[in-house]
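Below is one structure, written out as structure tokens; the observations come after it.
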Amino acid sequence: MLASKLYAPTLREVPSDADVISAQYMLRAGFVRKVAGGLYTFLPLAWKSLRKIEAIIREEMEASNAQEIMMPILQPAEIWQESGRWPVYGAEMIRLTDRHHRDYCLGPTHEEMVTTLVKNEINSYRQLPVNLYQIQSKFRDERRPRFGLMRSREFIMKDGYSFDSDEDGLDISYQSMYDAYNRIFSRCGLYFKPVEADSGAIGGSNSHEFMALADAGEADVIHCTSCNYAANIEIGQPGVIKQEEEPLQELSIVSTPNAKTIEAVAMQLGIPTTRTIKAVVYSIDGKVVLAMVRGDHEVNEIAVQHAVNGILEPEMATDEQMENVGLVAGFISPVGLVATDNLSIVVDESVMEMYNCCGGANQKDAHYININPKRDFNTEEIIVAPIRLITDEDVCPHCGKELRIDKGIEVGQVFKLGTKYSEALGATFLDNSGRPKPLVMGCYGIGVTRTLAATIEQSHDENGIIWPRSIAPFEVVIVPINVKDEALMDISTKIYTSLQSSGIDVLLDDRKDRAGVKFKDADLIGYPLRITISKHSIETGEVEIKTRKTGDVVNVKIDEVITSTKELLSTL
Ligand code: ATP
Ligand code: MG
């Protein structure tokens with residue numbers, strides 16, 4: 001490809017709404033253009049890199065016996081009604097009606113459609129296992145589209161689904177996808193960790209997320225500094241902290257005017273926050289859920305959702321919702337509270353091990369002191385569960401050693417679905433004794449466009465992107481210093497064509513711009529290698545090869561350029 005023909009308009013100014021480095025560089029370097037919030041056009045450079053990621057995915061899927069298909073993006077509402085997800089999927093689903101007033105959505109995912117497909121085709125255990133995948137645009141009307149390609153409303157996903165006759169079969173399919181995902185992200189050059197993940201409200205199942213570690217990540221990954229343990233913080237199991245036993249003091253009420261926060265209460269009463277209990281109130285599936293943790297701990301919302309078997313993600317309760325169930329915001333504790341159809345009370349395990357602590361008196365401007373949860377909470381009214389977030393002050397639940405928390409970008413997820421969808425949609429097969437059984441399913445997703453952005457988040461410097469060779473838009477750029485110099489252009493073109501015929505993806509920067517401009521663009525776009533051809537090359541018969549990642553420069557003889565380029569590329 002010739003740079004003079006390449007449609008890659010670079011920008012001097014970074015648009016102010018580009019909130020992460022990957023978005024800034026992709027806009028500046030001419031990879032993408034923003035159409036509206038969370039909607040992007042991919043220009044040739046981005047498209048080339050995305051195609052390379054897709055090619056890696058296809059190779060690894062083929063090697064794992066997964067077959068590519070393509071289902072419609074437009075999905076009829078009926079299949080979602082059958083699975084029960086049409087009413088609960090919420091505002092993230094983009095819904096529309098056709099000219100006959102029939103309801104549709106733009107696929108946010110394809111469990112319903114793929115299950116509907118196979119239910120008509122798979123009848124016998126002899127046809128199993130089957131593993132189908134596709135790579136296509138998905139639509140999610142995210143509440144806050146942001147971080148460029150990482151949280152957009154239309155994005156490219158690889159979604160795959162496995163069908164087995166039993167759990168043992170699913171275990172094999174799952175492991176094979178888990179292994180393939182490890183190979184895919186390694187080949188893409190990402191620094192990542194597979195971590196234990198929330199398996200949703202289905203319960204019991206297994207799930208892993210593949211997290212690219214980077215500061216721009218939205219997820220917190222907890223991992224052990226000694227063993228292999230790594231989990232999304234949402235499912236990290238914190239230990240129970242037992243306070244040293246004390247004689248139980250008498251429960252009494254003290255006045256705490258305007259002390260609505262834990263810090264204010266602790267200050268007014270002159271006690272540490274570790275001797276207070278904190279109330280956080282959620283609304284889950286329309287019900288008010290009171291969550292109690294120790295004053296210095298944070299609530300794990302996913303754990304609260306699981307504790308009450310919630311379907312939808314927790315939202316903060318409004319003042320009105322709290323009033324409706326008799327809660328006095330800022331002064332809440334479970335003492336004397338009764339659970340109802342509209343109110344659940346969930347208490348963290350470590351709270352139950354506290355003595356003589358302080359909590360709200362369920363009336364304005366007052367707190368209880370000397371709460372002893374085992375004595376003062378009505379155990380029939382409360383659910384006790386591990387609902388505090390694990391921290392790096394906890395120890396590894398597997399080996400007891402030190403933990404670390406890092407930010408992660410979820411680039412993929414694998415999931416044992418079991419029979420949730422096959423049962424709901426009636427996808428059964430006859431087992432080897434002729435009995436009908438629901439298909440046992442797994443699902444496997446990769447954010448293709450998010451992977452591209454995650455790579456940039458991990459691999460850049462102040463001058464621009466640093467592509468791993470495997471997904472770089474071009475592996476090599478050739479920069480002739482002066483395109484008017486025929487001898488120099490002659491060498492450049494010869495090197496260009498021989499690199500091309502050796503199968504190297506190369507760009508010749510034949511633009512009339514000054515060398516400085518070309519160097520800046522080469523650094524910004526981030527080609528792994530830059531070959532510079534100057535007057536010096538004619539005199540000495542040598543060209544310069546610069547490695548973007550290390551900044552290392554070597555001078556090589558013109559007739560050794562191909563070998564040296566190949567050698568250098570193999571290290572990148
Ligand atoms: P998140 O928790 O980040 O919203 P998710 O768990 O809802 O993602 P999945 O349903 O697991 O996403 O989708 C599979 C993959 O698709 C994710 O691992 C992620 O890489 C990608 N993905 C999901 N939502 C988006 C988005 N809004 N923009 C870009 N990629 C996305
Ligand atoms: Mg996910």
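The values are calculated or read from the model by the stated rules, or taken from the named source; none is laboratory data. Note that this is a predicted model, so its numbers are computed, not measured. We place every Cβ from the backbone using ideal geometry, glycine too, and count neighbours over all the protein chains shown. Only protein heavy atoms, including side chains, enter the accessible area calculation; ligands, DNA and RNA are left aside. Shrake-Rupley method; radii C 1.70, N 1.55, O 1.52, S 1.80 Å.
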Checklist entry - For region 384-412, which residues satisfy the criterion of being surrounded by fewer than 21 Cβ atoms within 10 Å (Cβ to Cβ) and either within 16 Å of ligand 2 (Cβ to nearest atom) or not in a loop (DSSP other than H, G, I, E, B) (or both)? => result V384, A385, V395, E402, R404, I405, D406, K407
Checklist entry - How do the pairs read when you match residues in region 5-25 that are under 23 Å from G38 (Cβ atoms) with residues anywhere that are of a type in the set (D, E) and open to solvent by 60 Å² or more (accessible area, probe 1.4 Å), using Cβ under 9 Å and keeping only pairs 6 or more apart or on different chains? => result A23/D17
Checklist entry - Applying the selection to region 243-265, what residues are without any contact (Cβ under 8 Å) to a residue 60 or more places away in the chain and assigned by the TED database to the domain that holds L343? => result I262, E263, A264
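Here is a yes/no grid of residues against (1) open to solvent by less than 70 Å² (accessible area, probe 1.4 Å); (2) under 25 Å from H460 (Cβ atoms); (3) in contact (Cβ under 8 Å) with a residue 12 or more places away in the chain:
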| residue | (1), (2), (3) |
| --- | --- |
| S498 | yes, no, yes |
| I504 | yes, yes, yes |
| D513 | yes, yes, no |
| D523 | yes, yes, yes |
| G526 | yes, yes, yes |
| G541 | yes, no, yes |
| E560 | no, no, no |
Next on the checklist: Based on this model, can you work out whether G169 counts as at positive phi, open to solvent by less than 70 Å² (accessible area, probe 1.4 Å) and more than 16 Å from ligand 1 (Cβ to nearest atom)?
Outcome noted: no
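I'd like the full set of residues that are surrounded by 15 or more Cβ atoms within 10 Å (Cβ to Cβ) and within 18 Å of G464 (Cβ to Cβ), limited to region 546-558.
If the condition is that a residue be surrounded by 15 or more Cβ atoms within 10 Å (Cβ to Cβ) and within 18 Å of G464 (Cβ to Cβ), then K546, T547, R548, K549 are the ones that fit.
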Item to check | Qualifying residue in region 152-161 (condition: over 26 Å from G217 (Cβ atoms), within 16 Å of ligand 2 (Cβ to nearest atom) and of a type outside the set (G, A, S)) | outcome: yes
Item to check | All strands (runs of 3 or more DSSP E) inside region 468-572 with 1 or more residues being under 33 Å from the mean Cα position of the chain (by Cα) | outcome: 476-480, 506-508, 529-533, 542-547
Checklist entry - In the list D461, D485, which residue meets the criterion of being open to solvent by 10 Å² or more (accessible area, probe 1.4 Å), modelled with pLDDT under 95 and either touching a Ser or Thr at 6+ places or on another chain (Cβ under 7 Å) or not basic (K, R) (or both)? => result D485
Checklist entry - Out of (1) open to solvent by 20 Å² or more (accessible area, probe 1.4 Å); (2) among the polar types (S, T, N, Q); (3) touching a Leu at 6+ places or on another chain (Cβ under 8 Å); (4) outside any loop (DSSP other than H, G, I, E, B), what's the single condition that is false for N362? => result (4)
Checklist entry - When residues of region 528-539 are filtered for being surrounded by fewer than 20 Cβ atoms within 10 Å (Cβ to Cβ) and closer than 19 Å to E475 by Cα, how many remain? => result 0
Item to check | Filter result (more than 15 Å from ligand 1 (Cβ to nearest atom) and either surrounded by 21 or more Cβ atoms within 10 Å (Cβ to Cβ) or closer than 30 Å to L430 by Cα (or both)) within region 104-120 | outcome: T115, T116, L117, V118, K119, N120
Checklist entry - Which ranges mark the helices (runs of 4 or more DSSP H) fully within region 242-356 that have 2 or more residues being under 22 Å from L389 (Cβ atoms) and not aromatic (F, W, Y)? => result 262-269, 301-307
